[in-house]
Amino acid sequence: MIRVVLIAFLFFADHAIATGISPVDVPDTMAERVKACTACHGKEDKQGRDAYYPRIAGKPEGYLFNQLRNFRDERRHYRPMALLLEGLPDQYLRDMAAYFASLKQAFPAPEPLKSSPAEVELARRLITQGDPSRKIPACVECHGKDLMGTEPFIPGLLGLPRVYIIAQFGNWQNGGAMRGETPDCMSEIAKQLTTSEASAIAAWLAAQPVSEALSTHAASPAAALHSKLAMRCSSIVLPSGGLQ
């Protein structure tokens, strides 16, 4: 992403010099540097030719930093992102994460809920209570009571498209999301869910409105994460250089 922009800039700069056109003075800001990122990760979630590109504005800084590093180090599968981030130092990734975490944007309208009453009840039960018999924690235990995320490492679940959530469940279940030396917390949890359960949860989450109050407040503090879940999901804090 960054390399593509740099190559394009050098090409057009050389062309401008050759034709006598004065080059444009572009400010050296993070907003300018990440414009290539916003080409895909814009103000709204959108579907590309082969994948969904989720909106990353306003997500917890620690979560964004971890994902950038996972892509760069190929712990998380997506070759284009790995190539674009190749060689970037941790501090630069931190700066990128801090920038996107600071952005506040309106959420899209909720999707129509077409689930049956039984599917709605199933989703609500798993989201608010989990299933202790299968070691499935309630979604609210990690992602916050309002499902808007837990600082600094856990993202919110509202405002995401149903098909994107379903795709992520599938990636966690079959290992398509992460390639790691240590087990991934969401992979372990997702593998306990049936296809119908994952679909019911995704449909319910996508149908929930995000109020103005929720869209502008910060994610829940890290202390909200139960100690047992923090230990179980310790893999989200990478062993070297993770945000504390």
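The values are calculated or read from the model by the stated rules, or taken from the named source; none is laboratory data. Remember, it's a predicted structure, so these values are computed and weren't measured experimentally. All Cβ positions, even for glycine, are placed from backbone atoms using ideal geometry, and neighbour counts span all protein chains on display. Calculation scope for accessible area: heavy atoms of the full protein, side chains included, ligands and nucleic acids excluded. Shrake-Rupley method; radii C 1.70, N 1.55, O 1.52, S 1.80 Å.
For segment 189-205, the count of residues that are within 19 Å of LEU122 (Cβ to Cβ), hydrophobic (A, V, I, L, M, F, W, C), in contact with a strand residue (DSSP E or B) (Cβ under 8 Å, 6 or more places away or on another chain) and at pLDDT 85 or above is at least one. Residue check: ILE127 meets all listed conditions (1) touching a Lys or Arg at 6+ places or on another chain (Cβ under 8 Å); (2) under 17 Å from ARG162 (Cα atoms) but one, namely (1).
If you filter segment 64-98 down to residues that are aromatic (Phe, Trp, Tyr) and closer than 17 Å to TYR53 by Cβ, you find that the one that is most open to solvent (accessible area, probe 1.4 Å) is TYR78.
Among the conditions (1) farther than 16 Å from HIS41 by Cα; (2) open to solvent by 30 Å² or more (accessible area, probe 1.4 Å), PRO137 misses just one, which is (2). Of all residues in segment 100-131, those that are part of a helix (DSSP H, G or I) and at pLDDT 95 or above total 12.
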